[in-house]
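The values are calculated or read from the model by the stated rules, or taken from the named source; none is laboratory data. Because the structure is a prediction, the values reported are computed rather than measured. Cβ sites come from the backbone with ideal geometry, for glycine too, and all protein chains shown count toward neighbours.
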Amino acid sequence: MYVSFLALRFFLTPFFQLKSYGAKKGAWAVVTGATDGIGKEFAFQLAKAGFNVMLVARNKELLAQTAEEIGA
């Protein structure tokens, strides 16, 4: 339930501040399922907000592709 609340706030509220959860630029975030769907979008949004992102996925090739896309 809490994850759904965070997803709702993160994607649907443009004024959402990650700082309200104690996060700041340069902090680390671990994203599982980072090669597709919500996990991939979370990874992109966190990277865009200045976080260092550790990606976790089952498919090595898709993981490398996603990491390259985020790095670009």
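For the reader, a short list of remarks on this structure follows.
- Only one of A29, A43, A57 that is at pLDDT 90 or above, over 16 Å from A72 (Cα atoms) and touching a Leu at 6+ places or on another chain (Cβ under 7 Å): A57
- Search result, residues across the stretch 31-71 that are in a helix (DSSP H, G or I) and either touching a residue at least 60 places away in the same chain (Cβ under 8 Å) or buried (at least 19 other Cβ atoms within 10 Å of the Cβ) (or both): K40, F42, A43, L46, T66
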